[in-house]
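Structure first, commentary second.
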Ligand SMILES: C[S@@+](CC[C@H](N)C(=O)[O-])C[C@H]1O[C@@H](n2cnc3c(N)ncnc32)[C@H](O)[C@@H]1O
């Protein structure tokens, strides 16, 4: 495993996720957050800075058909399950291009579904064709490794915390399953676009 960066109790590994996960001990991880490829780079177009731009994120984003894409999701989710503790949970994000396959792959691996969250993007890019609804959300699936496990849920913190950016969240109310969060700000992209660099 290649240690890309570390400081105090934090380590960032860089490499193929299957190999990195295989290097970790089983039942050792409390929570996994994964944003796997959406397999969008198929010659279609998007809107970037108000202009039509080709969707070409990198070779890793080229789909190889429904069956192969599903097999990929089944494989990495299987490795995640091995390293998760019984009470551990996993978050998987995606758009309609990928998230339903991830849901099936979670089920095939025997995860226990907990919630899906709609991440509403109030500043989503417009739809240039004007023939479809403007894509303005992603879906996050939250699942637990084991049906009988007990997951951690910070109910009071979420209910009583201050979520200024989220215009849908009212102070003192239960956290709902729709979150309003803008797309990354320029201050979060100081090191530019790294999506074309290889693993
Ligand atoms: C949807 S993008 C995630 C983008 C990320 N959330 C961000 O804001 O930068 C999917 C990422 O998975 C990485 N990736 C694709 N296949 C991989 C693999 N087999 N192992 C590890 N990472 C992989 C790609 O390099 C890409 O950065």
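Read-outs: derived from the displayed coordinates by stated rules, not from any lab. Bear in mind the structure is a predicted one, so any value in this text is a computation, not a measurement. Cβ: placed from backbone, ideal geometry, glycine included. Neighbour counts: every protein chain shown.
What is region 89-199 by shape, rounded, prolate or oblate, if you read a ≥ b ≥ c off the alpha carbon gyration tensor as root eigenvalues and call it rounded for a/c under 1.5, prolate for a/b larger than b/c, and oblate otherwise?
oblate
Please give the residues of region 60-80, grouped as numeric ranges, whose backbone N is less than 18 Å from a label point set 7 Å along the Cα-to-Cβ vector of residue 22.
71-80
How much of the DSSP beta bridge set in the chain is antiparallel, as a percent to the nearest 5?
Just about 75 percent of them are antiparallel.
Would you mind ranking 107, 26, 138 so that the residue whose beta carbon has the fewest other beta carbons within 10 Å leads the list? Spell out each step's value before the answer.
On the way: 107 14, 26 10, 138 20.
Least crowded to most crowded, the residues run 26, 107, 138.
Given 0.36 nm per residue, what is the gain on full extension from residue 87 to residue 191 after removing their alpha carbon distance, in nm?
33.9 nm
Sort the following peptides by mean Cβ neighbour count (other Cβ atoms within 10 Å, averaged over residues), highest first: 144-150, 64-70, 36-42. All intermediate terms of the calculation are to be shown ahead of the outcome.
On the way: 144-150: 14.3, 64-70: 12.0, 36-42: 18.1.
Order by mean packing, descending: 36-42, 144-150, 64-70.
Shape of region 17-188 from its Cα gyration tensor (a ≥ b ≥ c, root eigenvalues): rounded if a/c is under 1.5, otherwise prolate when a/b > b/c, or oblate?
Cα axes put region 17-188 in the oblate bin.
Order by neighbour count: 178, 20, fewest other Cβ atoms within 10 Å first, most last.
Ranking 178, 20 by Cβ neighbours within 10 Å, fewest first, gives 178, 20.
Residues of region 46-73 with backbone nitrogen within less than 15 Å of a virtual label 7 Å along the Cα-to-Cβ line of residue 129, please, listed as ranges.
46-47, 52-55
Ranked highest first by the average count of other Cβ atoms within 10 Å around their residues, in what order do 43-51, 182-190 fall?
Highest-to-lowest ranking by the protection proxy: 43-51, 182-190.
Before rounding to the nearest 500, sum -39500 (n - 2.57) across all DSSP H runs of length at least 4 in the chain and divide by the residue total; then give [θ] at 222 nm in deg cm²/dmol.
Rounded to the nearest 500, it is -6000 deg cm²/dmol.
For the pair residue 160/residue 40, report the inter-label distance in nm, with labels modelled 7 Å from Cα in the Cβ direction.
Computed distance between label sites residue 160 and residue 40 equals 3.9 nm.
Shape call for region 1-41 from the C-alpha gyration tensor, a ≥ b ≥ c root eigenvalues: rounded (a/c under 1.5), prolate (a/b greater than b/c) or oblate?
prolate
What order do you get for 167, 7 when you list them from fewest to most C-beta neighbours inside 10 Å? Don't jump to the answer; show the numbers that get you there.
Values: 167 10, 7 7.
Fewest-to-most Cβ neighbours within 10 Å comes out as 7, 167.
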